[in-house]
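First up is the structure itself, then whatever we jot down about it.
Read-outs throughout are calculated quantities, based only on the coordinates presented, and are distinct from any laboratory measurement. None of the values given here were measured: they were computed from a predicted structure. Positions of Cβ are generated from backbone atoms using ideal geometry, with glycine treated the same way; all protein chains shown enter the neighbour counts.
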Amino acid sequence: MAANTLADVALNVGLSGVMRLAGLATRLLPIPQPTMMVGPGASGRLGQAIHDFGHQKILIVTDTTISRLGLMLPLTQALTEGGTEFVVFDEISPDAPIDEIEQGVALFQREGCDAIVAFGGGSVMDAAKVIGLAAANNKRPLQLVGYFKGLRGPAPIYAVPTTAGTGSEVTVAAVVSDPLSQRKLVIADTRIVPKMAALDPSLMTGLPAHITASTGMDALTHAIEAFIGHWGTTFTDHMALASVGMIYQNLPVACANGHDLVAREKMALAASYAGQAFTRANVGYVHAIAHQLGGLYHTPHGLANAIMLPHVLRYLSPVITDKLATLALRARLGDTSESSVDLANRFLDSIDAMNRKLGIPRHLAALRAKDIPALARAACREARLNYPVPAYLSQEDCENVIREVLPRRVRKPPGRT
Ligand SMILES: NC(=O)c1ccc[n+]([C@@H]2O[C@H](COP(=O)([O-])OP(=O)(O)OC[C@H]3O[C@@H](n4cnc5c(N)ncnc54)[C@H](O)[C@@H]3O)[C@@H](O)[C@H]2O)c1
Ligand SMILES: [Fe+2]
């Protein structure tokens with residue numbers, strides 16, 4: 001890593017003190033956990049359960065693809081049979097743009113809804129969380145950016161994830177995008193954790209292989225970043241390691257055969273476990289960089305994480321060797337007779353191999369060299385202010401890490417063919 005300036009060192013010492021305090025607070029913070037229904041048909045059973053709570057009218061938040069595929073049918077049938085009214089809002093685009101969230105808030109209020117079902121991937125679940133929080137507080141999404149910005153909690157939120165990646169069904173976070181500033185923004189509040197969630201693998205059998213791959217790599221990144229950071233607890237380590245083992249065993253299977261319900265269910269569980277790990281232990285530089293790439297180039301979140309993950313880990317590997325070795329053991333890449341360094345290196349190589357196997361590109365086609373300083377600055381700021389990273393990267397380190405994924409033609413020195 002590049003040598004830090006004196007000012008950098010002072011800033012880092014100050015920030016690590018603040019981060020330690022924040023870590024302590026996170027350990028003590030009660031984070032609710034949703035009741036989970038798991039297995040094929042779980043979304044219909046969730047519909048029956050929601051009916052029993054006697055809501056007046058439910059806003060179902062989703063996107064046009066989910067609507068078109070008819071994935072909500074078992075849930076809406078259960079609601080209809082029970083006599084629970086609902087209205088469907090299927091306008092959410094990837095990365096939950098705030099103007100669409102505002103339309104959802106208006107519909108929630110106009111229809112007099114008193115509960116929300118989030119039915120979709122992370123974008124939909126995060127939009128639903130913010131619709132609930134904004135409606136409860138009569139605030140615009142931008143006013144809620146940050147931690148605990150609403151006085152009141154949202155109406156009850158129920159979640160049906162249709163990707164196995166974000167773990168948003170169990171997390172305190174919602175990530176939205178502001179098309180104007182081209183930034184992704186995080187809203188965090190323990191009250192936006194859904195009350196109940198259905199992990200239904202039968203909804204995921206039609207998920208295209210490339211989305212299965214990138215969303216699965218998002219879950220892997222959550223587990224790894226939660227495990228290598230400074231806020232891990234016995235519980236989060238336990239969840240993170242279980243998730244890593246399950247992803248190594250099941251992600252390639254789910255990508256090769258989307259109809260394998262066992263692999264799909266294991267992936268859905270692994271994503272939730274990783275969510276439970278990182279909602280307490282938080283994430284790190286991979287996410288800090290991926291959020292900038294998502295904001296500027298609209299790179300899908302999981303894809304940005306998958307591309308950055310091996311490079312960030314290689315950079316940090318001298319300070320996390322033992323943790324990487326533990327991850328290697330959990331991924332069944334070796335045994336305890338081997339040295340930590342060998343195991344750690346094997347784990348790093350295995351992420352490259354996993355990306356190759358899943359068809360994840362090594363480089364980010366959209367990345368432009370001239371954008372790298374600003375991307376690195378924003379990523380360093382996000383990581384320093386929010387994440388309990390194993391070590392701080394300097395601006396120069398971070399630029400170097402991002403430069404690793406520049407498309408090849410741009411990386412050649414000028415004048416060479
Ligand atoms: N709240 C959190 O804790 C958290 C954590 C990580 C990521 N995120 C955020 O979540 C968002 C990404 O979510 P995502 O990776 O789940 O992707 P996504 O929700 O954007 O969905 C990706 C695409 O897959 C399609 N899709 C979803 N389910 C499908 C299915 N079953 N069959 C066919 N197509 C389907 C969607 O229509 C969409 O086009 C990002 O904005 C990211 O920042 C949030
Ligand atoms: Fe993520």
The helix 301-316 Cα axis meets the longest alpha-carbon principal axis of the chain at an angle in degrees, between 0 and 90 and rounded to 10, of 30
FRET efficiency for Lys195 and His230, using Cβ-Cβ distance with R0 set to 30 Å, rounded to 0.05: 0.45
Ratio of Rg to Rh over the stretch 35-203 (Cα coordinates, Kirkwood Rh, two decimals): 0.94
Length-normalised contact order for the stretch 35-203 - Cα pairs under 8 Å, 6+ apart - percent: 27
Quick check: the distance between the Cα centres of the stretch 191-221 and the stretch 82-138, to the nearest angstrom? 19
Two pseudo-spin positions, 7 Å from Cα along C-beta at Arg314 and at Lys357, lie apart in nanometres by 2.0
Cα-projected label distance for Arg110 with Arg403, points at 7 Å along beta-carbon direction, nm: 5.2
If the chain between Thr35 and His259 were fully stretched, how many nm would it gain, using 0.36 nm times the residue separation less the Cα-Cα distance? 78.1 nm
Contact order relative to length for the chain, counting C-alpha pairs under 8 Å separated by 6 or more residues, stands in percent at 16
Helix 98-110 versus the longest principal axis of the chain: what is the Cα-based angle in degrees, 0 to 90, to the nearest 10? 20
Quick one: length gained pulling Ser340 to Leu180 fully straight, 0.36 nm per residue minus the C-alpha distance? 53.0 nm
Longest principal axis of the chain (C-alpha) makes with the long axis of helix 372-386 (C-alpha) an angle, in degrees to the nearest 10, of 70
Arrange the following residues from fewest to most other Cβ atoms within 10 Å of their Cβ: Arg280, Arg110. Arg110, Arg280
Please find, in a Gaussian network model of the chain (springs between Cα atoms separated by less than 10 Å), the residue of Val170, Val145, Val286 whose mean-square fluctuation is greatest. Val145
Exactly which GluC sites (Glu not before Pro) in the stretch 334-404 are in a DSSP loop and have at most 12 other Cβ atoms within 10 Å? none
Just subtract the alpha-carbon distance of Phe53 and Ala25 from 0.36 nm times their residue separation and send over the number in nm, one decimal. 6.8 nm
For all pairs of alpha-carbon atoms in the chain, what percent lies in each bin of width 20 Å, listed from the first bin to the last filled one? 28, 58, 13, 0
Can you pull the one-decimal nm distance between simple spin-label points at Thr64 and Lys370, each 7 Å off the Cα toward Cβ? 3.3
